[in-house]
Amino acid sequence: PPRSTLFPYTTLFRSIHCPLNASTFHSIGARELGLMKPSAFLINCARGAIVDQAALAAALAAKQIAGAGLDVVEKEPLPADDPLRGLANAIITPHAAHWSVESSIECRRTAIEHVITFLNGKIPADVVNRAVLERGLRKSE
């Protein structure tokens, strides 16, 4: 079914998690926001340009929806004069939730472990596309 058929049923949260491409660019605009219930919150953790930011700011300012939680925005960093910054019902966080001292150490440790595993002639257990890696290894033999 078309995405817009889901919006009238949004009573609490509509969370966005999809890639940004030609068919998803501004796919959530004034029409879709207008279909949401006034009690609903829009959450975007995908890509900023999936949501028409001007339409969202207008909907929030008019209290057409209850609020928005944005981990991404169309233009990053968000300009100082962007209307979203002045709205109490918009929560905006930097798209860097996993950055911490601990995550930085873990990323480095995992990368080193993968290199050591590979140099020992093995394939790391968490390789996403094992078939492509194995095909590449066969070509290099």
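The values are calculated or read from the model by the stated rules, or taken from the named source; none is laboratory data. These numbers come from a predicted model, not from an experiment. Cβ coordinates were reconstructed from backbone atoms using ideal geometry, including for glycine residues, and neighbour counts include every protein chain displayed.
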**Asked** Within region 78-85, can one find any residue that is in contact with a strand residue (DSSP E or B) (Cβ under 8 Å, 6 or more places away or on another chain) and at pLDDT 95 or above?
**Response** yes
**Fill in**
Note on Asp52: of the conditions (1) of a type in the set (Asp, Glu); (2) at pLDDT 95 or above; (3) more than 21 Å from Gly86 (Cβ to Cβ), unmet is (3)
**Close pairs from region 123-137: first touching a residue at least 24 places away in the same chain (Cβ under 8 Å), partner assigned to a loop (DSSP other than H, G, I, E, B) and surrounded by 10 or more Cβ atoms within 10 Å (Cβ to Cβ), Cβ under 7 Å, at least 6 apart** = none
